[in-house]
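Undergrad: Attaching a single structure in structure tokens format; questions to follow.
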Amino acid sequence: MSKKVLIATEKPFTPEAREKVVSILEKAAYEVKVLEKYSDKSELLEAVKESNALIVRSDKVTPDVMDAASELELVVRAGAGYDNIDCQEAKKREIVVMNTPGQNSNAVAELVIGMMIMMVRGKFSGKPGTELRGKTLGLQGFGNVGRRVAEIASLGFKMRILAYDPLIPPEKIRGSGAEPVDSPEKLYAESDCISIHIPATPETVRSINYDLLYKMKQGGVLVNTARAEVIDEDDLLRIYAERPDIRYISDIAPTNQEGILVCDGNRCFFTPKKMGAQTAEANFNAGVAAANQIIGFFEKGDTTYKVNN
Ligand code: 3PG
């Protein structure tokens, strides 16, 4: 019997990306169902029932979803961060979880650059701003997105790039054209702009706190296209009130954004929806990778991008 795949995307792929994903899977004789823009979890619980594999974006794959999907063998997160999936629970049930690393990195990196420009140019208000050329950019996390930001910023803007990433050897950071620094404090203290590229894990949640934010240079810009959870939002509001020079821009609005906006909306900007990976190319690349990984898994047992080991 053919395997059943559900594509469940509350924030849908572009139609072209979705069509391509469906056609790859159907060509390989998989049965494909699509659930897009659902507003209630019950729709996901119903749709996933007979699925052997599931493709999601930021959709939450929690134990109740797994309960509803008794045939589920594989979940592929079409994207990088998999904090939306209960990986431990999946492991207990022998469900493999994969991501598609690198497939949407350029989209996120380009947004970071756009956001930095928007902030240093006074949110395009017409008031005099500053330029990026020659400034120092600090990257907190030097994975696929961080490296791509480094590449654009150093080649295009001649920025000096610092990177803090305890998981990557300093020589590898140097090899990618950045200077490794040995603490987040140093990164925040020495950078004109800081861009966050760390996942949300028990270790990183609320790790960007008052003490770290206080280290920011005068007039520093903090860009967050990672996860809201890594910032201590109470501390963000506090530092924002105390330091009228600091600017914050993100594609994930903090839950206390009202307080921040009331404090000084000129120094922050939040996109209405998480949009780092919202490009036709990123949708296409991540979706196609997910489809191919499903086929590789079922046909050849390939678990290259398994994340719940
Ligand atoms: C990711 O982790 O890949 C990004 O945050 C993109 O998430 P999205 O696919 O939900 O936009």
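The values are calculated or read from the model by the stated rules, or taken from the named source; none is laboratory data. Given the structure is predicted, the values throughout are model-derived calculations rather than measurements. So basically every Cβ, Gly included, is an ideal-geometry build from the backbone, and we count neighbours across all protein chains shown. What goes into the accessible areas is simple: the full protein's heavy atoms, side chains included, and nothing from ligands, DNA or RNA. Shrake-Rupley method; radii C 1.70, N 1.55, O 1.52, S 1.80 Å.
Undergrad: Within segment 224-240, restricting attention to residues that are touching a helix residue (DSSP H, G or I) at 6+ places or on another chain (Cβ under 8 Å) and closer than 16 Å to residue 81 by Cβ, which residue is nearest to the ligand (Cβ to nearest atom)?
TA: First, the residues of segment 224-240 that are touching a helix residue (DSSP H, G or I) at 6+ places or on another chain (Cβ under 8 Å): 224-225, 232, 235-240.
Those left that are additionally closer than 16 Å to residue 81 by Cβ: 224-225.
Numbers: 224: 11, 225: 8 Å.
So the residue we want is 225.
Undergrad: Across segment 260-303, which residue is least open to solvent (accessible area, probe 1.4 Å) among those that are of a type in the set (Ser, Thr, Tyr) and in contact (Cβ under 8 Å) with a residue 40 or more places away in the chain?
TA: Here is the first cut: in segment 260-303, the residues of a type in the set (Ser, Thr, Tyr) are 271, 279, 303.
Next cut, in contact (Cβ under 8 Å) with a residue 40 or more places away in the chain only: 279, 303.
Working: 279: 44, 303: 62 Å².
Ranking the candidates gives 279 first.
Undergrad: In addition: Is it true that some residue in segment 67-76 is under 16 Å from the mean Cα position of the chain (by Cα) and away from the ligand (no atom under 16 Å from the Cβ)?
TA: Step one: of segment 67-76, the residues under 16 Å from the mean Cα position of the chain (by Cα) are 76.
Next, only the ones that are away from the ligand (no atom under 16 Å from the Cβ) stay: none.
Checked against the condition, which is being under 16 Å from the mean Cα position of the chain (by Cα) and away from the ligand (no atom under 16 Å from the Cβ), segment 67-76 yields no hits at all.
Undergrad: Return yes or no: is residue 180 out of contact with any Ser or Thr (no Cβ under 9 Å at 6 or more places or on another chain) and not assigned by TED's automatic domain parsing to the domain that holds residue 84? Explain how you work it out, then say what you get.
TA: Details: out of contact with any Ser or Thr (no Cβ under 9 Å at 6 or more places or on another chain): yes; not assigned by TED's automatic domain parsing to the domain that holds residue 84: yes.
Criteria met by residue 180.
Undergrad: Further question on the same structure: Those residues that are surrounded by 16 or more Cβ atoms within 10 Å (Cβ to Cβ) and under 22 Å from the mean Cα position of the chain (by Cα), I need them from segment 236-259; list them, please.
TA: Those that are surrounded by 16 or more Cβ atoms within 10 Å (Cβ to Cβ) and under 22 Å from the mean Cα position of the chain (by Cα): 236, 247, 248, 249, 250, 251, 252, 253, 254, 257.
Undergrad: Working only within segment 106-154, note down all residues that are closer than 21 Å to residue 219 by Cα and in a loop (DSSP other than H, G, I, E, B).
TA: 121, 125, 126, 127, 128, 129, 130, 131, 132, 133, 134, 135
Undergrad: Still on this model: Considering 137, 212, 162, which residue is closer than 17 Å to residue 246 by Cβ and touching a Ser or Thr at 6+ places or on another chain (Cβ under 7 Å)?
TA: None of the others qualify; the one that does is 137.
Undergrad: Now for a separate question. Give segment 271-301 a look and list any residue that's closer than 30 Å to residue 237 by Cα and either under 15 Å from the mean Cα position of the chain (by Cα) or acidic (Asp, Glu) (or both), or say none.
TA: Once the filter is applied, which keeps residues that are closer than 30 Å to residue 237 by Cα and either under 15 Å from the mean Cα position of the chain (by Cα) or acidic (Asp, Glu) (or both), segment 271-301 yields 271, 273, 274, 275, 276, 277, 278.
Undergrad: Among the residues of segment 67-100, what is the count of those that are more than 24 Å from residue 143 (Cβ to Cβ), touching a strand residue (DSSP E or B) at 6+ places or on another chain (Cβ under 9 Å) and either aliphatic (A, V, I, L, M) or open to solvent by less than 10 Å² (accessible area, probe 1.4 Å) (or both)?
TA: Here the count works out to 3.
Undergrad: Identify, please: which residue in segment 77-105 is assigned to a helix (DSSP H, G or I) and free of Cβ contacts under 8 Å to residues at least 40 places away in the same chain and is, among those, farthest from the ligand (Cβ to nearest atom)?
TA: Our first condition is that a residue be assigned to a helix (DSSP H, G or I); within segment 77-105, this holds for 87-92, 105.
Now narrow it down to the ones that are free of Cβ contacts under 8 Å to residues at least 40 places away in the same chain: 89, 92.
Details: 89: 19, 92: 23 Å.
Going through the qualifying residues, I end up with 92.
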